[in-house]
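Colleague: One structure, pasted below without further comment.
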Amino acid sequence: MDNASVIVNDAKGRYFSSVADASHFSECGGTIRVLNCAHTGQADDFINVHGTSVKIIGRVNQNTVMAPVEGKGSGRSVQIGDEYWFIKQPEAQRGEVGVVADKKLSEDGSFYYVSFDKPVPEAIGNGDFMECKTWCAAVEIRNCKMQKRHRARGILVTTPKKVVIEDNYFSTAGTAILIEGDFDYWYESGANTDVTIRNNTFDNCLTSGNRDGSRSQWGEAVITITPSHIPSTVDMEPYHKNIRIVDNRFYVFDVPLVRAVSTRGLYFMNNQVIKTFNYRPYTWQKVSFLLDGCRDVKIRNNSWDKRYTERSVAVEHMRLSDVQTDANDHFVIKELKGIDTHMQW
């Protein structure tokens, strides 16, 4: 998509340019490249790229599982010959890979029998998931403008392939970049392994963000990483890996910069943070970085506006040593006792 913008037709008195996302890609391959686009007026997000988690609702034999026909997490997209990762729900880590050998509809039409070329791991059963390995896309988004005149967020992306978000301008109503991984509602899958967010401008994003902690609102921070998986201990392996936020400019009227859950290798480095007074602060997140179950976090070599005084990191299901900051930035790192909307230390 090059110079393919979705904008409001003001000449006709329109309020919206699209009824939902400006663009949406599910279980695609190759590389999705979005260049020189300017989107405004959509009733949801700028772009969403993801895979799909297929629910396993039972086992038939060592090679065959059952998947629902209807609803989110259904097996409708499963195709013979595709590779799938098997994922145990509590750990949410990609495990062994199987190739779909057969797919048949049950007699009552309520579920599919999905058979693989080899035995399904013994530990996999009802309540676990499959994720398609064959249909995963790399993503490049460059030189685009995400304007404030829309309903929700900017870029949503979950894929194991390489992601580059570079040289863009964000002035979004909600969070500018949302990285999820969802096992409990939309079933949009794809734990990230290589994300670079570089040389972007974030201009007073989050004016319609999250004011009281409800997930139905539009994001807790300028960049929000909130997969369903939350490590239950300080040793449990996170879901996402290698997310680099580097060389960007953040113009912020409120406190929150990053909200991150279940991420190993989260780097916020060489960024500029500039305090503005364009809007009144209101968001429920009262710390710069709100982290849950993250490992190997580096907040280093950033430039901080003297008027941005709330330099703080709150952590849960983590060791304090999981976060590294520069000593001269005077960051306060504290552990939360249960994340809630009142931010109890």
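Colleague: With (1) free of Cβ contacts under 8 Å to residues at least 12 places away in the same chain; (2) touching a Cys at 6+ places or on another chain (Cβ under 9 Å) as the list, and Met318 as the residue in question, which single condition is left unmet?
Modeller: Of everything listed in (1) free of Cβ contacts under 8 Å to residues at least 12 places away in the same chain; (2) touching a Cys at 6+ places or on another chain (Cβ under 9 Å), Met318 misses just condition (1).
Colleague: Additional query: Filter the stretch 178-202 for residues that are β-branched (Val, Ile, Thr) and either at pLDDT below 95 or in contact with a Ser or Thr (Cβ under 7 Å, 6 or more places away or on another chain) (or both) and give the result.
Modeller: Ile179
Colleague: Name the residues in the stretch 319-330 that are in contact with a strand residue (DSSP E or B) (Cβ under 7 Å, 6 or more places away or on another chain), at pLDDT below 95 and over 14 Å from Met269 (Cα atoms), would you?
Modeller: Hit for the stretch 319-330 is Leu320, nothing else.
Colleague: Something else now. (1) closer than 21 Å to Thr201 by Cα; (2) without any contact (Cβ under 8 Å) to a residue 24 or more places away in the chain: which one isn't true of Asp235, the others all being true?
Modeller: With respect to (1) closer than 21 Å to Thr201 by Cα; (2) without any contact (Cβ under 8 Å) to a residue 24 or more places away in the chain, Asp235 is out only on (1).
Colleague: Can I ask one more? Pull up the stretch 240-276, narrow it to residues that are among the basic types (Lys, Arg) and under 12 Å from Asp305 (Cα atoms), then point me to the one that is surrounded by the most Cβ atoms within 10 Å (Cβ to Cβ).
Modeller: Lys275
Colleague: Let me ask something else about it. So is Thr224 modelled with pLDDT of 95 or more and either open to solvent by 40 Å² or more (accessible area, probe 1.4 Å) or not in a strand (DSSP E or B) (or both) or not?
Modeller: no
Colleague: Scan the stretch 19-59 for residues that are open to solvent by 40 Å² or more (accessible area, probe 1.4 Å) and either of a type in the set (S, T, N, Q) or on the phi > 0 side of the Ramachandran plot (or both) and report the count.
Modeller: Residues that pass the stated criteria total 4.
Colleague: With the checklist (1) crowded, with 16+ Cβ neighbours inside 10 Å; (2) at pLDDT 95 or above; (3) not acidic (Asp, Glu) in hand, flag the one item Ala101 doesn't pass.
Modeller: So the condition that Ala101 fails would be (1).
Colleague: Also, I was wondering about something else. Where in the stretch 246-345 are there strands (runs of 3 or more DSSP E), lying fully within it, with 3 or more residues that are more than 23 Å from Gly174 (Cβ to Cβ) and basic (Lys, Arg)?
Modeller: 295-300
Colleague: Got a sec? Which of Glu96, Glu70, Glu83, Glu91 is of a type in the set (Asp, Glu), open to solvent by 10 Å² or more (accessible area, probe 1.4 Å) and farther than 22 Å from Ala191 by Cβ?
Modeller: Glu70
Colleague: While we're here: Just for the stretch 287-310: of the residues that are closer than 14 Å to Asp254 by Cβ and touching a strand residue (DSSP E or B) at 6+ places or on another chain (Cβ under 8 Å), which one is surrounded by the fewest Cβ atoms within 10 Å (Cβ to Cβ)?
Modeller: Per the criteria, the residue is Arg307.
The values are calculated or read from the model by the stated rules, or taken from the named source; none is laboratory data. Just so it is clear, the structure is predicted and the values come from calculations on it, not from any experiment. Neighbour counts run over all protein chains shown; Cβ positions are idealised from the backbone, glycine included. Heads up: the accessible areas ignore ligands, DNA and RNA and are worked out on the full protein's heavy atoms, side chains in. Shrake-Rupley method; radii C 1.70, N 1.55, O 1.52, S 1.80 Å.
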